[in-house]
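Down below is the structure, laid out as structure tokens.
Where a number appears in this text, it was derived from the coordinates with a stated rule and is not lab data. In this text the structure is predicted, and so the values were computed from the model without any measurement. Counting neighbours? That spans all protein chains shown, and the Cβs are built from the backbone with ideal geometry, glycine included.
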Amino acid sequence: MSYAAAPAIDLFGIPSDAGASCRGSGMGPDAMRVAGLIETLATLGYTVSDHGDLVWDYRAAGGTPWRLSGERQAEVLAIARQSSAQALASLGAGRLPAFVGGDHSLSMGTISGVARHCAAIGKPLFVLWVDAHGDFNTPATSETGNIHGMPLALLCGEPDFGPEYQGDWRGQVDPRNVTVFGARSIDRPERQLLERRGVDVIDMRRIDEMGVVALMRDVLARVEAAGGHLHVSLDVDAIDPAIAPGAGTPVAGGLTFREAHLVMEMIHDSGTMGSLDIVELNPYLDHAGMSARLLVDLAASLFGRQIMPRQSARIDITEAATSI
């Protein structure tokens, strides 16, 4: 994807932690802006329209009990309706929607909007879920009831979600077109569901054994062969907490700095990404903004920042030989 051909970017903040296991990720969008996300993308030649933070029609009242709260569920669903509509409108206008959160439950709406768009134009949707967790629990299997552990299950059509999760905002993803990348913390019932539905879970063991390059080539080759639309959903906890401490659910042994950048660089080079979530940044838990700055740097790699132009790194062997 060349910069000249790159679509304009619609940026939306979703400052909510209603679906999370702890408070703080609602401050994520402001932290990303302060860390220079918009300016960084602009220096890469993109036109970025910052639409500010989404406004939804229901918020849990102050003092609402944090866990297992019906009011928190209502807020998550209000966000889903709004974000689905925004994703659908942005893609329909030929732009690239990028949502910055906020906890991972926001992807219920954002990817629903992308799925609705892809269904309307007959283009297969692929989802790359870069995350330490599978997020494939349901209300029936979840031990905590935290909705940020459930968005993939809802998007892939699991039946345990009640009627309150239905509506024209909701889209659906073929689980066989979903890849979870960087997983290292998956509950047993969740693992069984992931296996039965055919979700490709690339855990850290596979990454250690095979390396990022071989695995990502396979993922991206499937998207390219199908002429698909790739949605990237990047959770900060996919990265090792030693370099990205601003995560509410950190798990040791995550992607290294270079592994994470290489994933982003390969996605950019494939030219397949059409929409994006960056989620779960918790500034309250961060160390002097280091996680926010890392996410901005990863976004820069995802949108084409290079150490050296790729073509200049290749050596023309014939020319080199004749000059000796």
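Take the range 39-59 and flag every residue that is buried (at least 17 other Cβ atoms within 10 Å of the Cβ) and either of a type in the set (Phe, Trp, Tyr) or part of a helix (DSSP H, G or I) (or both).
Thr40, Leu41, Tyr46, Trp56
Is there a residue in the range 126-135 that is buried (at least 19 other Cβ atoms within 10 Å of the Cβ), among the charged types (D, E, K, R) and either part of a loop (DSSP other than H, G, I, E, B) or touching an Asp or Glu at 6+ places or on another chain (Cβ under 6 Å) (or both)? Spell out how you get there, then give the answer.
Going through the range 126-135, the residues buried (at least 19 other Cβ atoms within 10 Å of the Cβ) turn out to be 126-135.
Then drop every residue that is not among the charged types (D, E, K, R), which leaves 131, 135.
Those left that are additionally either part of a loop (DSSP other than H, G, I, E, B) or touching an Asp or Glu at 6+ places or on another chain (Cβ under 6 Å) (or both): 131, 135.
Scanning the range 126-135, I find at least one residue that is buried (at least 19 other Cβ atoms within 10 Å of the Cβ), among the charged types (D, E, K, R) and either part of a loop (DSSP other than H, G, I, E, B) or touching an Asp or Glu at 6+ places or on another chain (Cβ under 6 Å) (or both), so the answer is yes.
Can you tell me which residue in the range 11-28 is surrounded by the fewest Cβ atoms within 10 Å (Cβ to Cβ), limited to those that are more than 18 Å from Met150 (Cα to Cα) and within 15 Å of the chain's Cα centre (by Cα)?
Only one residue tops the list, namely Gly13.
If you check Val212, Val199, Val173, which single one turns out to be crowded, with 19+ Cβ neighbours inside 10 Å, touching a Leu at 6+ places or on another chain (Cβ under 8 Å), touching a residue at least 24 places away in the same chain (Cβ under 8 Å) and under 17 Å from Gly109 (Cα atoms)?
Of the residues listed, the single one that is crowded, with 19+ Cβ neighbours inside 10 Å, touching a Leu at 6+ places or on another chain (Cβ under 8 Å), touching a residue at least 24 places away in the same chain (Cβ under 8 Å) and under 17 Å from Gly109 (Cα atoms) is Val173.
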